[in-house]
Each structure stands twice: as C-alpha cells, then as structure tokens.
C-alpha cells in the first residue's frame, strides 16, 4: 500500500534532524500504524513500536517510573523490546498515543534529549478526555492522514499510468478523449470501494464489492463503538447525527437539519456533537459562507452546515441496509451508473473528501429569497485560487453527477459576484472542456484543484 504521506515523513526526517516529533493524526483504520512501521523499517537502523492499545502493565510501569530518568528509560525500553537503539539512527513510535497522554506530554523532554527520533500516531487526539491534564508539546508537528486518494487507489490496483496522463491533460487543458470512459470507470470503483486501506486491500485481493462491503461495515461498527466509549455525556446526540448523515445528504439542499434528528433540537445543544465527529475525523464539515471573499472563515455562518462522511465508500455502506446487499447486484448498478438512487449525494461527498485531502477548508454558498428569483442560488463549494491577487480570488464549484444538468445557480452566482471570482468550475461525469468562461472538469481531476 503505497501512500503519499511517506514522502512527507521523509521530508520531516531530513529537515527536522531530531528537533521535532511528528504526529500522524487521522481517523481509525486509516493506515497510520502501517505507514509508521514501513517508514521505520526503511529509514532507520532500528526502531521500537510502543503500541498503547496493547500495552501491558510492565510497559506502562517503565513510562511511569523512568520518564524522569531518560538514561534508565531508554535502557528499560531497549531490554523490554530486545532492540538496540542507536543515537540519531533509531526511531521510537508511540502508537495510539491518545490512550496514554503522559507519553505525549513527555515528547517535549524526549526531543530536547536529542538522541532519537519520535513518531506518534493517534486517533481522537483532540478529544477533551485525551488531552486532560497534559500540556500539548510545542515540539510536536501534526501531520493529517486521510483515506487513500484516487491515485493511491490506482497504485494499489497496479496502475501507475492513468493518473500521470490525467495530470498531463489537466495541466495542458486537454480532454482525455477515448480514455475518459476508462478513467471514469476506475473513478466509480474508487468511489464505491472508498479509501480505507483495509477495504482497498480486500477489493484488490478479491475484486468483490460484497467482500469489501463487509470490511467497511466492520469499520462503521468500530466508529459506533468509539462514539459510545468516547463521546461521554452526549453520545446519543453524536449517534443521532451520525445515523442521520445519509438521509440529510439525500436531500436536494444537503444542509443538515437538526429537526430531522429531534423535533426540539437546537444547534447550541448539538454543536459539541458536530465538533466531536469532526475531531474524530469520521466526518467532514462544510460551512456556509455569506460572501465569496478571501478569509472565508470570517464570512462563515456556523449555523448552516453540511455533514459529509470522511470516506465515501463508508457512506455507501452506511446508506444501504445490510439486507439490501445480498450479492453484487447493487454495487454493479452503482458501477454502471444504473441505480435508481440520488447519486448526487455520493458524488458530492467524494468531491468534499478530495478537496479536504488537497488541503482545503470546506465552504459552500446558499441564498434564498421568496421575492427575488435572482437571489435563489446554491453553490456546492468555494475554494481560493492557488495564487492570491488583489481581486478575483475565489473559485466557485458546482458538482454534477449526471450528463444532463443545468448550472443556473452557478450562472446567477457569477453574475452577482463576478468582480470577486476566479475560475468557475463544474465537476461532472463528462470530459474536460472550457465554455463561456467556465471550466468543466471530469470528477477524477478534482484533486488537482
């Protein structure tokens, strides 16, 4: 499983030279431990993996008793694991460090000691109970990890040629021509399987959507267990939002309405629940912006939001009842684009997933007026252009899941805010084209934005 984050770890090792530790932060089952061990094996003379999820009492005692005496601490670790440590050539991994916050707090002193490099992995690392009574070390650099992207999915399938060709066409403003259909078929496979490494591995080994679905449902069950265990005090609210996500994305506007969770629900009562899901990286939150200007956060309306699943493959398994999937039929219809369901929810979700992985904060625009039709519009996403200038900095994005569509809202938006907008995009199932100042991109080019 080749992951792009590996090169970021190499870059950290070369530039940090032991001055910082690195924390790989991501959702459960995202592949953090795997990539940490692969990095340790290939880039260091020796390494120690401290897995706090399976740490016994003896190992915890070493941390409790000897962190104040680093000479003894390192000797104890070395003997316990049977691994010789080499100055500036060994890596110590704290896996699932949120389960033992004291080790995370000790990073400050371990880095200052300077003998070894330190890599932490964590899920739910920002949840209150996991940072209680500790000072987050300033020497800790956070590196977010996301589900496998489309190119990583292609690598797993043994395809090293499709994405470079897509990149070439994007950079040179060309269509893929006869290869567009192949690229879209592969992209639909990616959307259905998703980017959770276990699910991708199951698909690569079996080519069975049904087998892959079983893996994804196991991950969803794990997420529900985490909600019950960690969302202390408001687990029912978090679970209510989590279970409602497919239904809310099925709606035309896709804005999350709390009244669908509970008749008397108010945002102030559920705000912490959305934050919990976002911190756990189970979901991607997209907020409304009142105007397309630089500093979208300053124009954010936090009361209007969309709640996407962080992985679209998980969303598909989350959306359909288990009894529905008794064979490959449902997935085959999804693959062939012949399923009578609102596919827009899945397509918009995967665009949100790809934009998030590309480093974008997620914002949308929505305006409604009973009196003025020109003011009724909704634009799916707003992102800044790569190089900021004095004007025309925000790119509006419309997402279309079929070949037959209109772009009325986008056209209204362009008319109203033309002095503030950079290139408008339509992400669709068709090939690359430019028309009337709008760039139409095939969905698989989204990561290039």
Name the residues in segment 90-143 that are out of contact with any helix residue (DSSP H, G or I) (no Cβ under 9 Å at 6 or more places or on another chain) and under 12 Å from residue 24 (Cα atoms), would you? 142
Residue that is nearest to residue 19 (Cα to Cα), among those in segment 46-100 that are within 30 Å of the chain's Cα centre (by Cα) and surrounded by fewer than 19 Cβ atoms within 10 Å (Cβ to Cβ): 49
When you look at residue 91, is it touching a residue at least 40 places away in the same chain (Cβ under 8 Å) and not assigned by TED's automatic domain parsing to the domain that holds residue 50, yes or no? no
Residues of segment 1-35 being assigned to a helix (DSSP H, G or I), more than 22 Å from residue 112 (Cβ to Cβ) and touching a residue at least 60 places away in the same chain (Cβ under 8 Å), in sequence order, are 5, 8, 32, 33, 34, 35
Pull up segment 36-56, narrow it to residues that are part of a loop (DSSP other than H, G, I, E, B) and out of contact with any strand residue (DSSP E or B) (no Cβ under 8 Å at 6 or more places or on another chain), then point me to the one that is nearest to residue 103 (Cα to Cα). 55
If you go through 401, 409, 419, the only one that is out of contact with any helix residue (DSSP H, G or I) (no Cβ under 6 Å at 6 or more places or on another chain) and either crowded, with 17+ Cβ neighbours inside 10 Å or outside the structural domain of residue 185 (by TED's automatic domain parsing) (or both) is 409
Within segment 360-390, which residues are touching a strand residue (DSSP E or B) at 6+ places or on another chain (Cβ under 9 Å) and more than 21 Å from residue 414 (Cβ to Cβ)? 361
Select from segment 172-204 the residues that are over 24 Å from the mean Cα position of the chain (by Cα) and without any contact (Cβ under 8 Å) to a residue 24 or more places away in the chain and list them in ascending order. 172, 178, 179, 181, 182
I'm told residue 215 meets every condition in (1) farther than 23 Å from residue 193 by Cα; (2) touching a helix residue (DSSP H, G or I) at 6+ places or on another chain (Cβ under 7 Å); (3) in a helix (DSSP H, G or I) except one. Can you identify the failing condition by its number? (1)
Kindly indicate whether residue 119 is at pLDDT 85 or above, over 19 Å from residue 283 (Cα atoms) and crowded, with 18+ Cβ neighbours inside 10 Å. yes
So which of 125, 135 is without any contact (Cβ under 8 Å) to a residue 40 or more places away in the chain, farther than 25 Å from residue 430 by Cα and not assigned by TED's automatic domain parsing to the domain that holds residue 277? 135
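The values are calculated or read from the model by the stated rules, or taken from the named source; none is laboratory data. Since the model is a prediction, treat every value here as computed from it, not as a measurement. With ideal geometry, Cβ positions are generated from the backbone for all residues, glycine too; neighbour counts draw on all protein chains shown.
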